[in-house]
Amino acid sequence: MSEQTLTLDDHDHHEHGPAKGFLRWVFTTNHKDIGTMYLIFSLVMFLIGGMMAFVIRAELFQPGMQLVDPGFFNQMTTMHGLIMVFGAVMPGFVGLANWQIPLMVGAPDMALPRMNNWSFWILPFAFTMLLSTLFMEGGAPGFGWTFYAPLSTTYAPPSVTFFIFAIHMMGISSIMGAMNIIVTLFNMRAPGMGLMQMPMFAWSWLITAFLLVAVMPVLAAVVTMMLMDIHFATSFFSAAGGGDPVLFQHIFWFFGHPEVYIMILPAFGVVSEIIPTFSRKKLFGYHSMVYALIAIALLSFVVWAHHMFTVGMPIGGQLFFMYATMLIAVPTGVKVFNWVATMFKGSLTFETPMLFAVAFVVLFTVGGFSGIMLAIAPVDFQYQDTYFVVAHFHYVLVPGAVFGIVAGVYYWLPKWTGKMYDESLGKMHFWLSFVGLNLTFFPMHFVGLAGMPRRIPDYALQFADFNMMASMGAFLFGTSQLVFVYLVIKTVRSGKEAAQVPWESAEGLEWTLPTPLPYHTFTTPPVIEHK
Amino acid sequence: MNLSTPRGLVVLVVLMFGFGFALVPLYDVFCEITGLNGKTAGQYEGELASGENIQSRQVTMQFIVNKNDNLPWEFKPNDVQMKVATGERKDTTYRVRNTYNTAAVAQAVPSVSPSAAAEYLHKIECFCFEQQPLEAGQAVDMPLTFVVDPELPEGIDKITLSYTLFDITNSTAPASDPHKVKKVDN
Amino acid sequence: MQRFLHQFCITLAFLIPSSVYAAWELNMPRGVTDTSNTVYDLHMLILWICVAIGVVVFGVMFWSIIYHRKSQGAKAAQFHESTTVEVIWTVIPFLILIGMAVPSTSVLIDMYDSSESDIDIQVTGYQCKWQYKYLNEDIDFFSTMTTPKVEIANEQEKNPNYLLEVDNELVVPINKKVRFLFTANDVIHAWWVPELAVKKDAIPGFINESWTRINEVGTYRGQCAELCGKDHGFMPIVVKAVTQADYDIWISEQKATAQAVAAAANQEWSIEDLVAKGETVYQKNCAGCHMVDGSGLPPAFPALNGNDVVLGDIEKHMDIMVNGVPGSAMAAYGKQLSAVELAAVITYKRNTWDNKTGEVISPADVKAYMSK
């Protein structure tokens, strides 16, 4: 079946190398090219969002207003959140999926290559539009990445309309990317590879893709309602016309909570590939890992209101969302225990991908613990909207999602480029990032507990010392990412030839392919032997 | 190739987009059932439960007002607080005065706290069911007739009914918009 | 870029004095109510459970990292499945969670107590200030941050209550059940005082309630916790808990002040007194948007220096001050300021900067306009 697909969908790919010049990238339908573009895009967005974090942390370096005015500070926090979530983390994982899913399931390309091209090329336009709001009259959106009504409707700057269309475009891009992955995994697996023989990375993306298809349309719906409230005089979120601002939060978080799993599940997949390789031991509990993924995904649909415990829900609702949220700890715990069990009695080595993966397990678990604390509704009243929350979600997103992507890049870079990266530079990148991020985000737990609300441009004096520490950590973390940029460029330009299997006991179809990787792979499907 | 998967996914996307909008009426239903957020139902037409085993008891009704967006109108309850027996029909009024030098339209939006009490506070007649057009400088006493359901859960001794007054003179929504029309029965 | 460098140098110069305020507070305050104490205990319980789980899980992990290294000659074992083990580590966390849920539920139920209260206060959030209305006392006032602009701009040393100080504190008696009813005037705010363990969203058009019973006399400070616009970081909350006797005195003082304010409106005021009073009113209420020098932040906040309304018709000027400008950020100050304050600030604006009209608007003029 795969061969048939190839002839049907790839008319212009009869030659066995890429076209030359810039237009190659514009018209490409090759999953490797598109994966590369996604990853580069994600890195650029990561650096732009990082610069915004620099502005935020520089302003918060010490009490008093120094660099920016409070309005611009809010625009920075808003844009930082939007760009990191929709511009850096999500495209980063889609990039990994584009590169790896066909290689890992033995498919010649993604199932819908033209749509793949389109879903990438929407993104630069969407983000140009979003970033252009910074230069508009009234400034960029400053209502936080969660854009609660009515601050984002009645009281929003005029640029909110551009923000809404940018979100629509990102949504379309994500939905198409997700559909492509589902169709590929359902239809183009190598003959003999059943669903339960898929690599964990493919499994994690399959679940993620279903979450995306299910919730991105809900995000589209909620921004459409905002658009209608702003321009067509409806009252979805305005109490004056019979609407309810809290309804916005319910719909937003119905999207928003699965969204946070969209940002972490693929990282689970990456780590589940890396840890067995460097432990020289099979992944412990493959089946329970798959079931845990499914359980997390299903539970993510019924916990959304734990983001809004202070909104004034009846006690029954409060209890339901508290219990459901606590329940998520069970499948997540299973995953962590399985990773630890995989390492247990292995034969461990610590190359850069493994360092990032181990740091992922430890620090993600720290974020998970603060997550359990946040789930307890009566205590959450003290945590909600403080830096404790900021610490929590940065612990699951930076050493979680971002380390997941970076670990994946280090792991597969030798296969993609055919060249080996500089191991000592990689280790340096890891240790600088590790120290920097803990220095940044750990003190945030303390200031949050001591009473510092989030999203404030200036703070009371008792929070000064930890904030200064966090700012210094952020500068360290930010600048150390330049090591990574340098490392990638150096690898591509002058890296040493990589072996076909650069890691001692790596398993999986991608390692059966020659290095350097041909432009087209698996044009004849591989044979999967059943054990 | 097999097109049924992409077709199914497109249908799912469309359905979920629709579901986003369907959450709006679903939320209203949910609110009416649970009293979430203190939303009150529209005009009460039901029969109160009666019988020997339902005891009438005294609760405090508290009336508060709020004005949105710095609306300078005068708006105050003529009774700040009253003791009522559950099951007893009660009347009160609110005073409102348009301080603008032009005619304007206002809408009062009700909210009840504790939210668990919302479904037990029945409004038989309320100015909040309608928009209030007022001439420049005009003042009126607006009526409210209500009854507290005898099945009000134990432990709720005081019910606060809040009205927030919104200036809606400039919202020119077409009457065909379903969501706009809805507010009349709210 | 140069400006940035310049600012950065100033920042560095301020580094040293700021360490004077060293405070390494690591944890949540215990607070001064029974609820806040139970919340604290629950918080610590969950924290220690998490720490214990962490020690076990990371213990096993680091043991593997140290002893199962390839460089230590470790050979990989072959096991990769064990239903028994997997069932065990699904069930045990579940039981631990039930252990957490039981106390959490009882604390939550306690917080939802809606029995009769002693004092009811309506709390309304405005973009960057709070309004407190004592429902049974006819007392009603705004509470605005008083931290001077020079401290925020680092031109003057910051006082210990920097950003956490207000002009009118919320005064409540101890050992009484105080019930709060939260709502908002514009966007969503959240009222939070950590030491009372009360945090609730204030939502426009809706009311939420919460309650507290404070055990100790003292001053407790908090902040708005929900992003509400550009001045979200500058709307603190200060609660002053006093004895019942002091509370009664405060209530009578408030009522006396209200009468005095009403009386002041009937006095004769000189232009100098009005301008002087107007300047303080302006600094507190207007300078945030229209700037101290009246230059504004166009287009959202017009300049008042040389402004057509300020230099033009007095009626129109009073109309904007009293009723605000619907659909803009200009608030209606008719209810927020007294007649004296309104007259003073209008007179000030018409007689400061380059605006030299020489006109005097007396409190009586304002009262006459408002009762029209």
Scanning the stretch C:52-92 for residues that are of a type in the set (A, V, I, L, M, F, W, C) and closer than 26 Å to A:Glu351 by Cβ gives C:Val57, C:Phe58, C:Val60, C:Met61, C:Phe62, C:Trp63, C:Ile65, C:Ile66, C:Ala74, C:Ala76, C:Ala77, C:Phe79
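Return the residue satisfying two criteria in turn: it lies in the stretch A:328-362 and is of a type in the set (Gly, Ala, Ser) and touching a helix residue (DSSP H, G or I) at 6+ places or on another chain (Cβ under 6 Å), and of such residues it is surrounded by the most Cβ atoms within 10 Å (Cβ to Cβ). Working first, answer last.
Of all residues in the stretch A:328-362, those of a type in the set (Gly, Ala, Ser) come to A:329, A:333, A:341, A:346-347, A:357, A:359.
Going one step further and asking which of them are touching a helix residue (DSSP H, G or I) at 6+ places or on another chain (Cβ under 6 Å), we end up with A:329, A:333, A:346-347, A:357, A:359.
On the way: A:Ala329: 23, A:Gly333: 23, A:Gly346: 26, A:Ser347: 20, A:Ala357: 30, A:Ala359: 21.
This residue is A:Ala357.
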Unmet criterion (only one of (1) more than 14 Å from chain C (Cβ to nearest Cβ); (2) among the hydrophobic types (A, V, I, L, M, F, W, C); (3) surrounded by 19 or more Cβ atoms within 10 Å (Cβ to Cβ)) for A:Met420: (3)
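Table: residues versus (1) at pLDDT 80 or above; (2) of a type outside the set (D, E, K, R).
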{"site": "C:Ile314", "(1), (2)": "yes, yes"}
{"site": "C:Asp319", "(1), (2)": "yes, no"}
{"site": "C:Ala331", "(1), (2)": "no, yes"}
{"site": "C:Thr347", "(1), (2)": "yes, yes"}
{"site": "C:Trp353", "(1), (2)": "yes, yes"}
{"site": "C:Thr357", "(1), (2)": "yes, yes"}
{"site": "C:Ser362", "(1), (2)": "yes, yes"}
{"site": "C:Met370", "(1), (2)": "no, yes"}
Return only the number of the condition from (1) at the interface with another protein chain (Cβ under 7 Å from one of its Cβ atoms); (2) within 30 Å of A:Asp69 (Cβ to Cβ) that C:Val193 does not satisfy. (1)
Number of positions in the stretch B:1-46 that are among the β-branched types (Val, Ile, Thr), buried (at least 16 other Cβ atoms within 10 Å of the Cβ) and at pLDDT 90 or above: 1
Would you check if A:Thr36 is β-branched (Val, Ile, Thr), out of contact with any Gly (no Cβ under 6 Å at 6 or more places or on another chain), more than 30 Å from C:Glu157 (Cβ to Cβ) and at pLDDT below 95? no
Give the residues of the stretch C:124-161 that are under 25 Å from B:Asp157 (Cα atoms), of a type in the set (S, T, N, Q) and surrounded by fewer than 21 Cβ atoms within 10 Å (Cβ to Cβ), sorted by residue number. C:Asn136
Of everything in the stretch C:124-138 that's assigned to a strand (DSSP E or B) and facing chain B (nearest Cβ under 10 Å), which residue is farthest from the chain's Cα centre (by Cα)? C:Lys133
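Against the condition more than 9 Å from every other protein chain (Cβ to nearest Cβ), of a type outside the set (D, E, K, R) and within 30 Å of C:Cys228 (Cβ to Cβ), how does C:Val55 come out, does it pass?
Answer is no for this residue.
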Could you tell me whether the stretch C:249-256 includes any residue that is outside the structural domain of C:Thr144 (by TED's automatic domain parsing) and either in a helix (DSSP H, G or I) or closer than 27 Å to C:Ala202 by Cβ (or both)? no
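Return the residue satisfying two criteria in turn: it lies in the stretch A:183-198 and is over 12 Å from A:Asn98 (Cα atoms) and hydrophobic (A, V, I, L, M, F, W, C), and of such residues it is surrounded by the fewest Cβ atoms within 10 Å (Cβ to Cβ). Spell out how you get there, then give the answer.
Within the stretch A:183-198, the subset over 12 Å from A:Asn98 (Cα atoms) is A:183, A:186-198.
Okay, now just the ones that are also hydrophobic (A, V, I, L, M, F, W, C), so A:183, A:186, A:188, A:190, A:193, A:195-196, A:198.
Working: A:Val183: 23, A:Phe186: 17, A:Met188: 25, A:Ala190: 18, A:Met193: 23, A:Leu195: 12, A:Met196: 9, A:Met198: 20.
Here the answer is A:Met196.
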Consider A:Lys335 carefully, then state whether it is more than 30 Å from B:Ala117 (Cα to Cα), at the interface with another protein chain (Cβ under 7 Å from one of its Cβ atoms), in contact (Cβ under 8 Å) with a residue 40 or more places away in the chain and of a type outside the set (A, V, I, L, M). no
Complete set of residues in the stretch A:226-241 that are over 23 Å from B:Leu71 (Cα atoms) and crowded, with 24+ Cβ neighbours inside 10 Å: A:Met226
From A:Leu298, A:Leu283, residue being in a loop (DSSP other than H, G, I, E, B), farther than 25 Å from C:Met44 by Cα and either of a type in the set (A, V, I, L, M, F, W, C) or more than 10 Å from chain C (Cβ to nearest Cβ) (or both): A:Leu283
With the stretch A:383-489 as the region, which helices (runs of 4 or more DSSP H) entirely inside it contain at least 3 residues that are within 24 Å of C:Tyr40 (Cβ to Cβ)? A:387-396, A:423-450
Filtered residue count, the stretch A:497-531, keeping only those that are charged (D, E, K, R), surrounded by fewer than 18 Cβ atoms within 10 Å (Cβ to Cβ) and within 15 Å of A:Trp412 (Cα to Cα): 3
Quick check on A:Ile456: is it farther than 25 Å from A:Val271 by Cβ and of a type in the set (Val, Ile, Thr)? yes
Within the stretch C:287-309, is there a residue that is surrounded by fewer than 21 Cβ atoms within 10 Å (Cβ to Cβ), aromatic (Phe, Trp, Tyr), in contact with a helix residue (DSSP H, G or I) (Cβ under 7 Å, 6 or more places away or on another chain) and in contact (Cβ under 8 Å) with a residue 24 or more places away in the chain? yes
So in the stretch C:338-372, with the set limited to residues that are more than 14 Å from C:Leu274 (Cα to Cα) and among the hydrophobic types (A, V, I, L, M, F, W, C), which one is nearest to the other protein chains (Cβ to nearest Cβ)? C:Met370
Output yes when any residue across the stretch C:73-84 is assigned to a helix (DSSP H, G or I) and within 12 Å of chain A (Cβ to nearest Cβ), and no when none is. yes
Would you call A:Thr352 more than 9 Å from every other protein chain (Cβ to nearest Cβ) and of a type outside the set (D, E, K, R)? yes
From the list C:Ile98, C:Ile65, C:Ile88, C:Ile121, which residue is more than 7 Å from chain A (Cβ to nearest Cβ) and surrounded by 15 or more Cβ atoms within 10 Å (Cβ to Cβ)? C:Ile121
Can you tell me which of (1) free of Cβ contacts under 8 Å to residues at least 40 places away in the same chain; (2) not in a strand (DSSP E or B) is the one C:Lys200 doesn't meet? (2)
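The values are calculated or read from the model by the stated rules, or taken from the named source; none is laboratory data. If you're wondering where the values come from, they're calculated on a predicted model, not measured in any experiment. Every residue, glycine among them, receives a Cβ derived from its backbone with ideal geometry; neighbour counts consider all protein chains shown.
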